[in-house]
Amino acid sequence: MADEEVEEEAEVIEAGGAESETPLTPVETEKALAPPKYEVRPGLGEKFQAQNVRDIIVSTMQEQLTGRQYRSDQAPRWAKVIANAVRQRVQELDMKRYKVIVQTTILELKGAGVKCGQRCIWDPETDDYADDLYRNDTIFCYTIVYGIYLY
(Lines give C-alpha, C1' and ligand atoms only; values in the text may rest on other atoms or scores of the structure.)
Protein backbone atom coordinates (compact mmCIF):
# COMPACT_ATOMS: atom_id res chain seq x y z
CA MET A 1 0.00 0.00 0.00
CA ALA A 2 2.86 2.34 0.75
CA ASP A 3 4.28 1.65 -2.73
CA GLU A 4 0.99 2.67 -4.35
CA GLU A 5 0.96 6.02 -2.49
CA VAL A 6 4.53 6.73 -3.59
CA GLU A 7 3.66 5.96 -7.22
CA GLU A 8 0.60 8.25 -7.05
CA GLU A 9 2.69 11.09 -5.60
CA ALA A 10 5.28 10.55 -8.36
CA GLU A 11 2.56 10.82 -10.99
CA VAL A 12 1.27 14.06 -9.41
CA ILE A 13 4.77 15.53 -9.42
CA GLU A 14 5.30 14.53 -13.04
CA ALA A 15 1.92 15.97 -13.99
CA GLY A 16 2.84 19.26 -12.25
CA GLY A 17 6.14 19.31 -14.09
CA ALA A 18 4.35 18.79 -17.37
CA GLU A 19 2.20 21.84 -16.73
CA SER A 20 5.26 24.02 -16.15
CA GLU A 21 6.68 22.96 -19.54
CA THR A 22 3.87 24.71 -21.38
CA PRO A 23 5.11 27.69 -23.30
CA LEU A 24 5.03 30.93 -21.33
CA THR A 25 3.45 34.01 -22.77
CA PRO A 26 6.02 36.67 -23.62
CA VAL A 27 6.40 39.43 -21.10
CA GLU A 28 5.11 42.75 -22.31
CA THR A 29 7.93 44.89 -23.56
CA GLU A 30 8.62 47.76 -21.21
CA LYS A 31 8.95 51.31 -22.45
CA ALA A 32 12.49 52.47 -22.86
CA LEU A 33 13.77 54.36 -19.82
CA ALA A 34 14.51 58.02 -20.22
CA PRO A 35 18.21 58.79 -20.04
CA PRO A 36 19.36 59.90 -16.58
CA LYS A 37 19.54 63.62 -15.94
CA TYR A 38 22.79 64.97 -14.64
CA GLU A 39 22.24 68.48 -13.40
CA VAL A 40 25.54 70.31 -13.42
CA ARG A 41 23.97 73.75 -13.49
CA PRO A 42 20.90 75.12 -11.75
CA GLY A 43 17.92 75.68 -13.98
CA LEU A 44 16.58 79.06 -14.94
CA GLY A 45 15.17 80.67 -11.80
CA GLU A 46 16.86 78.17 -9.49
CA LYS A 47 20.09 80.10 -8.86
CA PHE A 48 21.12 81.43 -5.47
CA GLN A 49 18.75 84.27 -4.55
CA ALA A 50 21.28 86.75 -3.16
CA GLN A 51 18.89 89.68 -2.71
CA ASN A 52 16.28 87.59 -0.86
CA VAL A 53 19.01 86.13 1.34
CA ARG A 54 20.38 89.61 2.09
CA ASP A 55 16.89 90.74 3.16
CA ILE A 56 16.68 87.74 5.50
CA ILE A 57 20.08 88.58 7.00
CA VAL A 58 19.16 92.22 7.64
CA SER A 59 15.77 91.46 9.19
CA THR A 60 17.12 88.66 11.39
CA MET A 61 19.98 90.74 12.76
CA GLN A 62 17.65 93.66 13.46
CA GLU A 63 15.14 91.40 15.25
CA GLN A 64 17.83 89.91 17.47
CA LEU A 65 20.06 92.90 18.20
CA THR A 66 17.88 96.04 18.20
CA GLY A 67 17.99 97.68 21.60
CA ARG A 68 20.77 95.46 22.99
CA GLN A 69 24.13 96.48 24.40
CA TYR A 70 27.20 94.33 23.85
CA ARG A 71 27.76 91.69 26.53
CA SER A 72 30.70 89.35 26.14
CA ASP A 73 28.89 86.55 27.98
CA GLN A 74 25.84 86.75 25.65
CA ALA A 75 27.51 87.47 22.28
CA PRO A 76 28.29 83.80 21.39
CA ARG A 77 24.67 82.82 22.07
CA TRP A 78 23.36 85.74 19.99
CA ALA A 79 25.66 84.79 17.11
CA LYS A 80 24.43 81.18 17.21
CA VAL A 81 20.78 82.26 17.33
CA ILE A 82 21.24 84.63 14.38
CA ALA A 83 23.13 82.05 12.28
CA ASN A 84 20.56 79.32 12.94
CA ALA A 85 17.61 81.62 12.23
CA VAL A 86 19.17 82.86 8.99
CA ARG A 87 20.00 79.30 7.85
CA GLN A 88 16.46 78.10 8.58
CA ARG A 89 14.82 81.01 6.77
CA VAL A 90 17.16 80.67 3.76
CA GLN A 91 16.37 76.95 3.50
CA GLU A 92 12.68 77.86 3.35
CA LEU A 93 13.43 79.64 0.05
CA ASP A 94 13.80 76.09 -1.34
CA MET A 95 16.85 76.62 -3.51
CA LYS A 96 17.29 73.05 -4.70
CA ARG A 97 20.70 71.41 -4.47
CA TYR A 98 22.31 74.33 -2.65
CA LYS A 99 24.34 73.80 0.49
CA VAL A 100 23.83 76.80 2.75
CA ILE A 101 26.64 77.88 5.08
CA VAL A 102 26.08 80.76 7.52
CA GLN A 103 28.74 82.57 9.52
CA THR A 104 27.95 85.28 12.07
CA THR A 105 30.52 87.38 13.92
CA ILE A 106 29.65 89.72 16.79
CA LEU A 107 32.24 92.18 18.09
CA GLU A 108 32.21 94.96 20.61
CA LEU A 109 32.31 98.35 18.94
CA LYS A 110 34.88 100.50 20.72
CA GLY A 111 36.01 102.79 17.93
CA ALA A 112 38.67 100.54 16.43
CA GLY A 113 38.47 99.48 12.79
CA VAL A 114 37.69 95.99 11.59
CA LYS A 115 39.10 94.28 8.52
CA CYS A 116 37.75 90.97 7.26
CA GLY A 117 39.02 88.86 4.41
CA GLN A 118 37.59 85.81 2.69
CA ARG A 119 38.88 83.51 0.05
CA CYS A 120 36.80 80.82 -1.65
CA ILE A 121 37.37 78.49 -4.56
CA TRP A 122 34.11 77.82 -6.32
CA ASP A 123 32.20 77.97 -9.58
CA PRO A 124 31.24 81.61 -10.16
CA GLU A 125 28.37 80.57 -12.46
CA THR A 126 26.51 78.61 -9.78
CA ASP A 127 27.90 79.53 -6.34
CA ASP A 128 27.31 82.86 -4.64
CA TYR A 129 27.10 84.61 -1.31
CA ALA A 130 25.17 87.37 0.42
CA ASP A 131 26.31 89.40 3.42
CA ASP A 132 25.39 92.39 5.51
CA LEU A 133 26.31 94.04 8.76
CA TYR A 134 24.49 95.53 11.71
CA ARG A 135 25.90 98.28 13.90
CA ASN A 136 24.67 100.16 16.92
CA ASP A 137 26.52 102.06 19.66
CA THR A 138 28.20 98.96 21.13
CA ILE A 139 27.65 96.04 18.69
CA PHE A 140 29.20 95.22 15.34
CA CYS A 141 27.60 92.13 13.76
CA TYR A 142 28.57 90.70 10.38
CA THR A 143 26.71 87.79 8.81
CA ILE A 144 27.55 86.03 5.56
CA VAL A 145 25.65 83.25 3.79
CA TYR A 146 27.39 81.06 1.21
CA GLY A 147 25.30 79.16 -1.34
CA ILE A 148 27.29 76.27 -2.82
CA TYR A 149 25.64 74.31 -5.64
CA LEU A 150 26.01 70.55 -5.25
CA TYR A 151 26.72 68.83 -8.55
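The values are calculated or read from the model by the stated rules, or taken from the named source; none is laboratory data. Note that the structure is predicted; figures quoted are calculated from it, not measured. A quick note on method: Cβ atoms are made from the backbone with ideal geometry, for glycine too, and the neighbour counts reach across all protein chains shown. Ligands, DNA and RNA are stripped out before the accessible areas are found, and what is left, the full protein with its side chains, is counted by its heavy atoms. Shrake-Rupley method; radii C 1.70, N 1.55, O 1.52, S 1.80 Å.
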Picking from ALA10, ALA79, the residue that is surrounded by 10 or more Cβ atoms within 10 Å (Cβ to Cβ), of a type in the set (A, V, I, L, M) and modelled with pLDDT of 95 or more would be ALA79
Among residues belonging to region 115-148 that are open to solvent by 70 Å² or more (accessible area, probe 1.4 Å) and farther than 30 Å from GLY43 by Cα, point out the one that is modelled with the lowest pLDDT.
CYS116
Among the residues of region 70-79, which ones are in contact (Cβ under 8 Å) with a residue 24 or more places away in the chain and farther than 12 Å from CYS141 by Cα?
SER72
Say whether the condition of being of a type in the set (A, V, I, L, M, F, W, C), at pLDDT 95 or above, part of a helix (DSSP H, G or I) and under 14 Å from ILE144 (Cα atoms) is met by at least one residue in region 63-76.
no
